[in-house]
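First comes the structure, then the notes that go with it.
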Amino acid sequence: MGQSASTVAGAQNRIKFRSSPVISSMKEIDDSDDVIDVFEVGEFDYSSNIPDECLACIFHFLSSGDRKSSSLVCRRWLHVEGQSRHRLSLNAQSELVAVVPVIFSRFDSVTKLALKCDRRSASIGDEALVLISLRCRNLTRLKLRSCRELTDTGMESFAKNCKGLKKLSCGSCAFGAKGMNAVLNNCSALEELSVKRLRGITDGAAAEPIGPGVAGGSLRVICLKELYNGQCFGPLIIGSKSLRTLKLFRCSGDWDKILEVIAEQVSELVEIHLERLQVSDTGLAAISKCSILEILHLVKTPECTNNGLKTVAENCKLLRKLHIDGWKTNRISDDGLIAVAKHCPNLQELVLIGVNPTCASLEKLATNCLNLERLALCGSETVGDPELSCIAAKCIALRKLCIKSCPVSDQGMEALASGCPNLVKVKVKKCRLVTSGSADWLRTTRGSVTVNLDTPEPENPDASASDGGVPEVGNEIRQVAGQVRGVSIASSSTGRSNSFKARLGLTTGRNLAFQTTGSMHREGSRMKEEVCSCLRARLVEFLIQSAQDLQVSPIVKYSALSLFADRFYTALTGEETKDAKSWLLRPLRESNLQLFALVAIWISSKIHDSPSLSVKSFKSLADITIKEQHFTTKDFLEAELVLMQVLKFEIGMLSIPFRFFEDLLTKFSEVARVGKQLSLEACMDIMDLIYEKGEISSFNCSSHHLGASIVVAAYAITVPLQKSEFPILVWVKFVTSCSEEDIVDTVKNILMHVFEA
């Protein structure tokens with residue numbers, strides 16, 4: 001890699017290369033001109049005797065910044081630097097199209113190109129991509145990130161112009177199966193294909209199959225990530241006869257049958273990665289037919305058990321690297337690992353996460369796998385001092401050892417002082433019983449061993465943001481008031497930045513001047529309550545983000561929030577779930593609660609949408625977003641029943657604040673000149689923040705009253721001071737019959753929640 005990529009940065013609403021003064025003068029450059037601009041008459045340029053090829057080699061050892069500086073020395077260096085640059089990374093905003101000819105006139109030898117766009121900006125379209133393809137016909141590698149304006153047509157034109165492409169990586173792009181097939185049908189030299197979140201692929205039975213095309217004979221690596229309908233790539237995988245590496249990450253659907261066909265048709269596979277995939281022992285049995293398999297990663301595949309691992313071990317005897325994340329399901333244990341030890345003597349690297357091995361399997365692995373050099377044990381409840389002592393005594397070839405979140409102590413660390421003669425590095429992380437003293441002693445005893453210790457620091461529940469605790473809202477308002485005026489709140493479902501909080505300072509100096517006093521820091525709150533509050537905030541954030549991903553209407557989102565956050569979650573935290581009949585409530589994991597959040601959206605969609613979203617849409621989203629567990633369609637149906645049982649089958653979605661402030665905004669826009677400046681998005685953002693910080697019920701007022709207060713708060717925040725002459729409080733009192741004093745008190749409470757965000 002060795003060379004940092006150049007970048008194109010935007011400035012003053014246009015794309016501008018960092019060395020744009022040089023680019024702008026390119027028309028004046030004569031390639032045959034050897035004049036050294038920086039030298040005065042009479043001085044000799046000693047670099048003129050260096051051939052261009054040698055100068056280019058020197059440039060390759062420089063950093064990106066130094067290369068750019070060197071290119072400004074003289075016209076010859078500019079020319080050589082441009083001619084010798086093969087890698088380029090560009091900011092792929094829509095304005096890039098205007099400077100494509102200039103950029104690629106200078107850098108006409110680019111073979112590896114990255115086009116990356118910020119998610120919030122408009123990306124390049126087909127025109128820019130076609131221009132690039134016409135000027136980079138020798139392109140061998142292309143990386144596309146968040147280029148949402150590219151279509152199938154643009155990809156087809158690109159593929160026809162760059163038939164020598166060897167590697168394509170695309171993520172968060174909007175083109176679909178036709179564009180992908182165009183690449184596969186034209187790029188006969190394609191060796192690596194990586195696809196992540198390709199949004200243009202049709203879901204369901206209507207999905208167009210992808211591949212293999214002419215690239216089927218050359219493809220060696222295929223990586224698919226976070227695809228709702230990744231199985232439409234099945235024909236490509238099956239038709240790639242030279243495929244060596246297959247990586248499938250968080251792709252929805254049942255993959256057992258496809259893996260069976262792949263194993264029958266593709267015989268050269270040596271590396272397989274399966275992460276958060278619906279695959280069972282049937283799929284592992286298919287993988288076991290890949291007799292030359294050397295690397296296998298099974299990450300969070302809860303349906304895989306010891307039986308499947310045994311089958312793989314018995315048939316894939318060339319296995320060198322094995323990674324297993326058991327997700328603490330205990331379906332893979334000593335039995336499976338002993339089979340690996342017995343049948344895979346070439347094993348060099350073993351990573352076990354959420355798996356509970358004992359001395360029985362560890363001793364077999366150490367005895368039979370004499371080439372085992374790298375071992376990592378993470379989140380294993382059974383790996384203690386006896387197991388660490390076993391590793392120290394038996395693993396003769398071990399060079400690198402990583403222990404994380406295991407119940408080992410200083411005694412186990414002492415065993416490493418006399419064991420593992422080839423050990424060069426030990427990493428211990430989040431093992432509470434291991435002290436820094438034992439790590440220092442091990443470093444002293446074995447000077448050639450690098451010891452990295454990362455122990456968890458004790459938490460201080462009374463710690464605050466500063467010595468003075470949480471700053472008062474009034475102080476923060478005064479600090480930011482005057483910095484911004486009349487800025488509308490950008491609609492965002494989650495992860496609001498500090499700039500968003502700064503916008504809220506517009507409340508100071510208005511007709512409605514809220515002076516909130518007192519510290520918001522709640523002294524003496526119990527740790528359990530704090531943990532519960534943090535969990536609730538994460539779940540609400542998850543629900544809001546999921547609603548955005550599913551593109552549901554606001555009424556569906558807020559109905560789901562009312563169902564889940566105000567009623568279901570409150571009911572669960574108020575009663576014990578130990579005796580619950582459903583496994584979804586015993587134990588009550590965060591992943592299970594995330595499932596219930598999605599189910600709340602599903603129920604709301606059934607009530608408000610016609611047609612409603614299908615359970616398949618929710619399952620596909622869960623496969624990607626719920627990190628800790630895999631849920632089936634049957635689990636969704638069971639979760640729906642459990643949620644309804646907890647709510648005693650009472651939906652009750654008529655009285656939610658969204659209905660009231662939506663109606664109030666409509667009336668406000670009809671009577672006030674500043675009505676258009678008070679947006680629904682601003683009210684929704686405030687509503688989201690209230691949900692993220694605490695229950696709606698904490699305001700101790702009716703939904704009608706809260707909806708009116710949200711409108712008043714949004715008015716104070718978004719309408720500029722010089723235009724805020726409308727008597728908002730008087731009008732709200734007249735329309736809603738809510739008292740002025742009560743509205744002001746509630747708005748103060750709202751702003752306190754907002755400034756805590």
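Bear in mind these aren't lab numbers, they're just calculated from the coordinates by the rules spelled out. Here the structure is a predicted model, which is why all the values come from computation and not from measurement. Neighbour counts run over all protein chains shown; Cβ positions are idealised from the backbone, glycine included.
Our coupling estimate for region 362-374, obtained by passing each phi through the Karplus curve with A = 6.51, B = -1.76, C = 1.60 and θ = phi - 60°, is 5, 5, 5, 4, 5, 6, 8, 9, 6, 9, 5, 10, 10 Hz, Gly and Pro reported as x. Here the Karplus relation 6.51 cos²θ - 1.76 cosθ + 1.60, evaluated at θ = phi - 60°, turns the backbone of region 637-645 into coupling constants of 5, 5, 5, 4, 5, 4, 4, 5, 5 Hz, with x for every Gly and Pro. Computed from point charges on the beta carbon alone (+1 for Lys and Arg, -1 for Asp and Glu), the dipole magnitude for region 294-397 about its Cα centre is near 240 Debye.
Annotation: peptides 159-165, 382-388, 534-540, ranked by per-residue average of other Cβ atoms within 10 Å with the highest first, follow the order 382-388, 159-165, 534-540. Across region 326-335, computed HN-Hα scalar couplings (Karplus, 6.51 cos²θ - 1.76 cosθ + 1.60, θ = phi - 60°) run x, 6, 6, 8, 6, 8, 10, 9, 4, 4 Hz from first to last residue, x flagging Gly and Pro. Once you list every other residue whose beta carbon is under 11 Å from the beta carbon of Asn181, what net charge do they have if Lys and Arg are +1 and Asp and Glu are -1? Residues close to Asn181 contribute a combined charge of -2. Taking 0.36 nm per residue of separation and subtracting the Cα-Cα distance, full extension of the segment from Lys634 to Val735 would add 31.6 nm. A cut-off of 5 Å between modelled amide H atoms, ignoring neighbours fewer than 5 places along the same chain, links Gly200 with Phe175.
Which entries in the list Lys160/Lys321; Lys257/Lys317; Lys364/Lys429; Lys300/Lys648; Lys606/Lys748; Lys225/Lys606 go over 32 Å, if you measure between the two C-alpha atoms of each?
Going by Cα-Cα distance, Lys160/Lys321; Lys300/Lys648; Lys606/Lys748 fall outside the 32 Å limit.
Summing Cβ point charges (Lys, Arg +1; Asp, Glu -1) relative to the Cα centre of region 527-646 gives a dipole of roughly 180 debye.
Only four residue types carry charge here, +1 at the Cβ of Lys and Arg and -1 at the Cβ of Asp and Glu. Report the dipole size of region 119-221 about the Cα centre in Debye, rounded to the nearest 20.
500
Other residues with beta-carbon under 12 Å from the beta-carbon of Asn371 carry, at +1 per Lys or Arg and -1 per Asp or Glu, a net charge of +2.
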